[in-house]
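The values are calculated or read from the model by the stated rules, or taken from the named source; none is laboratory data. Note that this is a predicted model, so its numbers are computed, not measured. Cβ: placed from backbone, ideal geometry, glycine included. Neighbour counts: every protein chain shown.
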Amino acid sequence: MLKVKIKITTALISAVVLFLGNLFFTLWVVDSGKIGFEKNLGFVFSIPIPLGVVYIISIAVMGILSWIYIFNFIQYNILFSLGFGLIFGGAVSNLYFRLVDGFVYDYFHLGLFGLRGAWNLADIGIVLGILVWIFTSKLKIKSTK
């Protein structure tokens, strides 16, 4: 039972830390003007989708990810919970900004293989969380009994 509590606590702490980190960093970026930012009015990769549809997709995806986590977190170690927390915290953070402002602030301008884009801290947390999930499941890093 203690391991279950530790895993759930890890997921919650990582989600809250990522949410608050993105909130404060975004507010600092916007208020300071030291880093250029873009207002991402679209969805993933700035795909232009109506805001109402973005809300529905976001909530559905968070529900599916929560279901996957709930039915798998016992068998995997604490890394699986950390990955979920990063994914969920990033998703909630982006949803929060969409609800409050109608868009997401993107401020890390990256170019990779000729593709250009802008990300925020939540996006990076989501990608890292997905990589942790893949790493954990592919290497079959199971929880010890």
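Residues checked against (1) among the aromatic types (Phe, Trp, Tyr); (2) closer than 20 Å to Asp106 by Cβ; (3) modelled with pLDDT under 85:
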site: Ser14; (1), (2), (3): no, no, no
site: Phe19; (1), (2), (3): yes, yes, no
site: Trp28; (1), (2), (3): yes, yes, no
site: Lys39; (1), (2), (3): no, yes, no
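Take Val30 and decide whether it is surrounded by 13 or more Cβ atoms within 10 Å (Cβ to Cβ), in a helix (DSSP H, G or I) and not charged (D, E, K, R).
yes
Answer yes or no: is there a residue in segment 107-129 that is at pLDDT below 95, over 12 Å from the mean Cα position of the chain (by Cα), within 20 Å of Ser14 (Cβ to Cβ) and not basic (Lys, Arg).
The answer is yes; a qualifying residue exists.
Of the numbered conditions (1) modelled with pLDDT under 90; (2) under 19 Å from Trp119 (Cβ atoms), Val54 fails exactly one; give the number of that condition.
It is condition (1) that Val54 fails.
Are any residues in segment 80-115 more than 16 Å from Phe43 (Cα to Cα) and either touching a Pro at 6+ places or on another chain (Cβ under 7 Å) or surrounded by fewer than 18 Cβ atoms within 10 Å (Cβ to Cβ) (or both), and if so, which ones?
Phe108, His109, Leu110, Gly111, Leu112, Phe113, Gly114, Leu115
Between a first residue in segment 1-30 that is more than 14 Å from Gly85 (Cα to Cα) and a second residue that is of a type in the set (Gly, Ala, Ser) and at pLDDT below 95, which pairs have beta carbons less than 7 Å apart while being 6 or more apart in sequence or on different chains?
Listed by first residue and then by second, the contacts come to Lys3/Ser143.
In the set Val104, Val92, Val132, which member is touching a Lys or Arg at 6+ places or on another chain (Cβ under 9 Å), at pLDDT 90 or above and closer than 26 Å to Leu23 by Cβ?
Val104
Inside segment 25-58, can you point out the residues that are hydrophobic (A, V, I, L, M, F, W, C) and under 29 Å from Ile70 (Cβ atoms)?
Those that are hydrophobic (A, V, I, L, M, F, W, C) and under 29 Å from Ile70 (Cβ atoms): Phe43, Val44, Phe45, Ile47, Ile49, Leu51, Val53, Val54, Ile56, Ile57.
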